[in-house]
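A quick write-up on the structure given underneath.
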Ligand code: ATM
């Protein structure tokens with residue numbers, strides 16, 4: 001694969017990167033980010049690529065704590081989940097640890113790193129939970145994440161809230177604290193508009209309605225056109 005020159009002004013650690021690429025998959029709960037991150041990983045491995053599939057919250061110490069909060073296993077003394085700002089700080093701390101412990105080393109070894117969620121999830125979920133119309137919260141969350149390595153490509157799985165809710169029901173997993181219909185509907189609108197919130201990032205929107213194979217084919221096409229096209 002040819003390496004594209006980085007865009008000016010992007011914060012990254014080129015000297016550590018080797019020829020790795022950093023790809024993020026994003027979407028609301030039930031959009032299929034976990035399934036599709038794994039499928040893209042398998043497909044790229046079958047092309048003899050070195051691949052690392054990872055996720056946020058990560059499997060590191062802070063990510064593990066956050067997952068316990070998300071499923072209600074850890075609560076504040078009054079029995080509630082911590083507020084959106086505390087969660088934004090925890091997610092940002094987990095991200096720092098994730099980049100340092102997993103993403104940078106894998107990129108340095110030349111791997112394609114595929115992360116199931118990254119900072120777009122913080123901008124979306126925590127700003128929606130702030131209930132303040134988002135703008136001020138988004139600016140603050142962006143500032144918390146300003147040192148986060150920028151992905152080479154973010155693939156957004158677009159799906160409406162009702163389709164995603166049916167998928168979540170059929171999965172029967174433990175319900176997480178943000179899986180409420182109004183929250184998910186606000187997130188659909190946020191993700192449709194993600195390019196405006198992350199203007200320097202390369203973002204591809206993929207229609208996530210359909211079979212796992214059909215959605216995977218669209219994702220692979222988006223990946224190939226963004227990251228393997230010949231330089232002009
Ligand atoms: P999944 O394992 O389903 O991806 O869930 C992770 C949850 O963490 C997901 N929704 N719920 N409920 C989204 C949420 N999340 C945030 O709120 N902010 C973040 O920065 C990240 C990475 C995830």
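Rule-based calculations on the coordinates, nothing more; no lab input. Quick caveat: nothing in here was measured; it's all calculated off a predicted structure. All Cβ positions, glycine included, derive from the backbone under ideal geometry; neighbour counts span all protein chains shown.
A few remarks follow.
- When the residues of the stretch 142-162 are filtered to those that are in a helix (DSSP H, G or I) and surrounded by 14 or more Cβ atoms within 10 Å (Cβ to Cβ), the one that is nearest to the chain's Cα centre (by Cα) is 142.
- Members of the stretch 116-149 that are in contact with a helix residue (DSSP H, G or I) (Cβ under 7 Å, 6 or more places away or on another chain) and more than 22 Å from residue 185 (Cα to Cα): 144, 145, 148, 149
- Looking across 169, 139, 100, one residue alone is under 19 Å from residue 55 (Cβ atoms), free of Cβ contacts under 8 Å to residues at least 60 places away in the same chain and loosely packed, with under 15 Cβ neighbours inside 10 Å. It is 100.
- Taking the listed residues 184, 180, the one that is surrounded by 16 or more Cβ atoms within 10 Å (Cβ to Cβ), more than 25 Å from residue 49 (Cα to Cα) and within 16 Å of the ligand (Cβ to nearest atom) is 184, with no other qualifying.
- Under the condition of being in a helix (DSSP H, G or I) and either surrounded by 12 or more Cβ atoms within 10 Å (Cβ to Cβ) or in contact with a helix residue (DSSP H, G or I) (Cβ under 7 Å, 6 or more places away or on another chain) (or both), the residues counted in the stretch 189-213 number 8.
- Of the set (1) touching a residue at least 12 places away in the same chain (Cβ under 8 Å); (2) within 9 Å of the ligand (Cβ to nearest atom), all apply to residue 67 but (1).
- For residue 195, the criteria (1) within 21 Å of residue 92 (Cα to Cα); (2) in contact (Cβ under 8 Å) with a residue 24 or more places away in the chain; (3) in contact with a strand residue (DSSP E or B) (Cβ under 9 Å, 6 or more places away or on another chain) hold in every case but one, which is (2).
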